Structures are given as structure tokens and as C-alpha cells.
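To start, the structure itself, in C-alpha cells.
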Amino acid sequence: MIRNPRRRNEPLDHAELARLLPAPADPRLADDRRHLLEEHLMNEIHRSDPASAPAPARRSLRRTVLIATPVAAAAALALVVALSGAPGGSAAAAPRPVQAPVVQIEEGSTVQLASTVQEIAAAATANPTPKPGPGQYIYIKSRVSFQASSYNGDTDESATWVQPLHDREVWKSPDGTKGRLDEPGYQNKGGIPLGSDDPRKQQTYTWLAAQPADPDALLKFAYSTVSGTRDRDQQAFSEIGSIIREQLVPSDLAAALYEAAGKIPGVVVVEHAKDASDRDGIALARLDPQTGERSEWIFDRQTHQYLGSRGVQVREVNGIKPGTVVERTAIVTRAVVDADKQRPGDGQPKA
């Protein structure tokens, strides 16, 4: 995370950042979005020019912080960007946040849950995914919009916005040790490196490809990851969502993951849900009883292929009104490429 435009490579001082933040409230961030943010690193840089901030957050930017919460996602691990008031920063300002869209809330139902899960699982099995080889990368392009909440430490004022819809591209090595994230306007040109010597195993293709396509075993694993006081069923649902969201999942395992999710209490079918590309589909969804947000996985109505996700506030919590869409994603492309920065159809990696 970048704390000072003049010292861009300096690591984050968590203690210093903690002093800038207000006392933590109940976290709004779902586990799937938290895991996404762990890879996202720093994705918002805001300059000191007051004109570039939304009107409610323009006052006293000296101690403002911006918390981007995709989606979706524990406040302490949320992506927090300290907005430096120092002039002369060389990074471009992030696009100005916009008001979140509001939709009519459609009630979910369990009436068609079993049959819908069966259709989604069958579609996954019928569409085999490419297998990455040594040295190759998994490439995923999506359209995304995540929640961005601003907090002014001098005035104790806050406001909730969402990012404008924008492209997001990731490259991941199968073992998770190498990769890249590129969101134009949210990092410097060329994006930022991803990867770890000790990647979160369930987020890697290598780990997924070695798992048995057994819904009960996968469900047991999902519950083994839960912790803290948050709703256990919601955490298990979010864990599966974090796996399918931005990864290339072997087709038989994807089918088993959907079947596992269908067994979680509280999961419902929402007949109409739109992804970030405005594609109308059918969704598997679950309401988080603590945050009031319903996480929706959206599938094509005819092919039952995964389209993207949406987070809709169903019950007002922390001032966010029912119907507010706090995050949207849409998968544009999933593919295997030969190198970092290479896109499907390219002969050579992009410089």
C-alpha cells in the first residue's frame, strides 16, 4: 500500500495506519471480497485536489482515508488507502466515485433451488476448461465496480460510493506464486505484481485440480475455513464464492462446488439478477444476517454458465439503504496464455 507518493516502495506501517482510522465497527466486507482484496493490494490513489473528491468528502482532505470494499471481502483487512495531502504526487488520481445504483429487491426462494443447482452443475460439467501447462498463466478479464467509503478524520464525516464500472485483468500462475493485476486508472500503467511464496492454497489452480469432485468433502472444507463471530453459513458460502469468482476451476470441481453451495442453509434462488455487463440471469444467493447484504452468483438463464456476481443491500445497515448495489462483477474472458501480460490472441506479451 502506498502511504506517501514520494516513497512509493515503502512497505505499509500498519500501526501508523491504524492511528488514522476510526474505531472499527462491525465489518461489512464479505470473505470472498476480502480474499480478492488481499490480492488487490493498493488500488486507489487520490490526490490532494479537493475537486477530485465527491462533494460530501471534499472538506479537510488532510486526514481522509478511502476504503475500497469489493466486492466482496473484515474491516482490518479491507484495502485502505491513506490519502496524502502532500503535493507533487506522480500517480494519476483514481476515477471519481459515483453513487451506487439502486434496484428493486426480488425475494429469493428455495422452491427451485435443487433443480437450479442441478442445471448449473450439469452445465459446468458439459463445458470443460483448458488446462494450464508449465510456465503458462490463467488470464481473467472482468468488469467490476466495488464499494468505496470515504471517512474524514477531522470532521468525523463519512460517505458511501461505488467505483465507476471498469476493466480488471489478472494473470495467475497455476501455483499462485506469480501474477499481475491491471486495473487502468487504479494503478500505474502496466499494473502491479501479484503472487506469493506461500499463496492461499484454495485460490490456486494447482490446489483445485488436485481436489476430488465431492460436494460433501468440498462443503466440509468450506466450513473448516470459518472463524470469528460472523455467521458460519455465510462464511462457507463466501469461501466457495471466492474460489469460483476469479479463477479457472476444473469443470467437474466447479460442478461439485455449486452442489456444495446448494446445501448451505439460507441459500436461495433469485430469478432475476443483473451482472456488471447488465446481463440478466438467475442467481444463487445468500443474505448475510449481520451485514444485511445479499451475495448473488449470477448465471446465464439458458446456458447456466457463470456470468458474474452482485452484492445487494437487503436490510439497512450502517446507513446503506435497501436495494443499493454495493458491488458488481462480470466475467468477460477466461483463458490460458503463455506469459504474464499476454492476452488471448496476442502473439507476444504486452509491454
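The values are calculated or read from the model by the stated rules, or taken from the named source; none is laboratory data. Keep in mind that what you see is a predicted model, and the values were worked out from it rather than measured. Methodologically, a virtual Cβ is constructed for each residue, glycine included, from the backbone with ideal geometry; neighbour enumeration extends over all protein chains shown. Accessible surface is based on the protein model in full, side chains and every heavy atom, while ligands, DNA and RNA are left aside. Shrake-Rupley method; radii C 1.70, N 1.55, O 1.52, S 1.80 Å.
Results, tabulated for the structure shown:
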| quantity | calculated |
| --- | --- |
| Among the residues listed as Gly228, Gly262, the single one being at pLDDT below 95 and either under 18 Å from Arg301 (Cα atoms) or surrounded by fewer than 20 Cβ atoms within 10 Å (Cβ to Cβ) (or both) | Gly228 |
| Matching residues in segment 171-185 - criterion: being more than 15 Å from Pro132 (Cα to Cα) and either out of contact with any Pro (no Cβ under 8 Å at 6 or more places or on another chain) or of a type in the set (A, V, I, L, M) (or both) | Leu181, Asp182, Glu183, Pro184 |
| Members of segment 301-334 found to be among the polar types (S, T, N, Q) and within 18 Å of Gly108 (Cβ to Cβ), listed by number | Ser309, Gln313, Thr324 |
| Count of residues meeting criterion [in contact with a Ser or Thr (Cβ under 6 Å, 6 or more places away or on another chain) and either open to solvent by 20 Å² or more (accessible area, probe 1.4 Å) or not in a strand (DSSP E or B) (or both)] in segment 164-185 | 4 |
| Any hit, segment 94-107, residues being open to solvent by 30 Å² or more (accessible area, probe 1.4 Å), closer than 28 Å to Pro174 by Cα and out of contact with any Lys or Arg (no Cβ under 9 Å at 6 or more places or on another chain) | no |
| Residues of segment 192-224 classified as surrounded by fewer than 16 Cβ atoms within 10 Å (Cβ to Cβ) and among the hydroxyl-bearing types (Ser, Thr, Tyr), total | 4 |
| Helices (runs of 4 or more DSSP H) completely within segment 189-264 that count 3 or more residues being within 21 Å of Gly179 (Cα to Cα) | 205-209, 232-245 |
| Residues that are closer than 17 Å to Tyr223 by Cα and within 18 Å of the chain's Cα centre (by Cα), drawn from segment 262-286 | Arg286 |
| Candidates Val332, Val337, Val312, Val325 - the one that is in contact with a Pro (Cβ under 6 Å, 6 or more places away or on another chain) and either modelled with pLDDT of 95 or more or open to solvent by less than 10 Å² (accessible area, probe 1.4 Å) (or both) | Val325 |
| Every residue from segment 219-238 that is at positive phi and of a type in the set (Asp, Glu) | none |
| Selection within segment 269-317 - among the acidic types (Asp, Glu), within 22 Å of Gln235 (Cα to Cα) and not in a loop (DSSP other than H, G, I, E, B) | Glu293, Glu296 |
| Close pairs from segment 328-339: first over 17 Å from Pro174 (Cα atoms) and among the basic types (Lys, Arg), partner open to solvent by less than 40 Å² (accessible area, probe 1.4 Å) and not in a strand (DSSP E or B), Cβ under 8 Å, at least 6 apart | Arg328/Val71; Arg328/Asp275; Arg328/Ala276 |
| Residue count, segment 243-259 (criterion: under 15 Å from the mean Cα position of the chain (by Cα) and at pLDDT 95 or above) | 0 |
| Residue within segment 295-309 that is in contact with a strand residue (DSSP E or B) (Cβ under 6 Å, 6 or more places away or on another chain), among the hydrophobic types (A, V, I, L, M, F, W, C) and farther than 18 Å from Leu113 by Cβ present | yes |
